[in-house]
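Quick notes on the structure that follows.
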Amino acid sequence: GFDPTAALLALAITSMALWVLQPVARRLNLLDHPAGRKDHAVPTPVTGGLAILLGCVVSFFAVQTSSDSLLAFCGAALLLVVVGICDDLRDLRWYWRILAQALAALIIIHWGGVRVEQIGPVFGLSEMSLGWLSVPFTVFATIGIINAMNMIDGADGLAGLLGLAALAMLAAASVYAGNVLLAERLSVLCGALAGFLAWN
């Protein structure tokens, strides 16, 4: 059955990591200052993504079985967290961010073996197989989802709350479908996000 141990561990580790990292970030001025689309109430430490990554990676490998798809996800997440911190601190040009996002998607596709191969009935069309288009479609979809979250990341806690709601819904759907492994992995992300939101 479904085991929440990894999710609870992710929540605890992410919360503890933020507790440790936030004063360090303020001391070193590793802060995202309110400006433009960034509608934070006060300058915000840029360590949230790092804490979430730490909580997820430790929880995945402490409790769950390793696989290529999990290693690829962690590798892609590490790349995005590093680029995200650099962007917060240096305001990278948009094409460097898109390049990193595309590379992260390709890591998941080619190392993890995860891609969108089928599209269900949309726009009144019947279900269809993407064939050779599955790789560019997966890259396009991944970049789209990342930037959709980035666009709502200006207000404190908004992106985290929406992400948590979406992941919790997917985890519940996975349990309903009988895919316990996927549900447990999604629950780790939920736990890490909940730990992050406790400080935001």
Practice problem: Examine region 120-136 for a residue that is farther than 24 Å from residue 57 by Cα, free of Cβ contacts under 8 Å to residues at least 40 places away in the same chain and crowded, with 16+ Cβ neighbours inside 10 Å, and state whether such a residue exists. | Solution: yes
Practice problem: Scan region 162-171 and give yes if some residue there is closer than 13 Å to residue 49 by Cβ, small (Gly, Ala, Ser) and at pLDDT below 95, otherwise no. | Solution: yes
Quiz item: Which residues, counting only those in region 136-166, are closer than 15 Å to residue 76 by Cβ and either in contact with a Pro (Cβ under 9 Å, 6 or more places away or on another chain) or not polar (S, T, N, Q) (or both)?
Solution: 139, 141, 143, 145, 146, 149
Quiz prompt | Every residue from region 182-200 that is surrounded by fewer than 17 Cβ atoms within 10 Å (Cβ to Cβ) and either within 12 Å of the chain's Cα centre (by Cα) or free of Cβ contacts under 8 Å to residues at least 24 places away in the same chain (or both) | solution = 182
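For every residue, the table says whether it meets (1) at pLDDT 95 or above; (2) aliphatic (A, V, I, L, M).
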site	(1), (2)
114	no, yes
118	no, no
121	no, no
129	no, no
138	yes, no
148	no, yes
155	no, yes
192	yes, yes
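The values are calculated or read from the model by the stated rules, or taken from the named source; none is laboratory data. Here the structure is a predicted model, which means the values were calculated and not measured. As a convention, Cβ positions derive from the backbone with ideal geometry for all residues, glycine included, and neighbour counts pool all protein chains shown.
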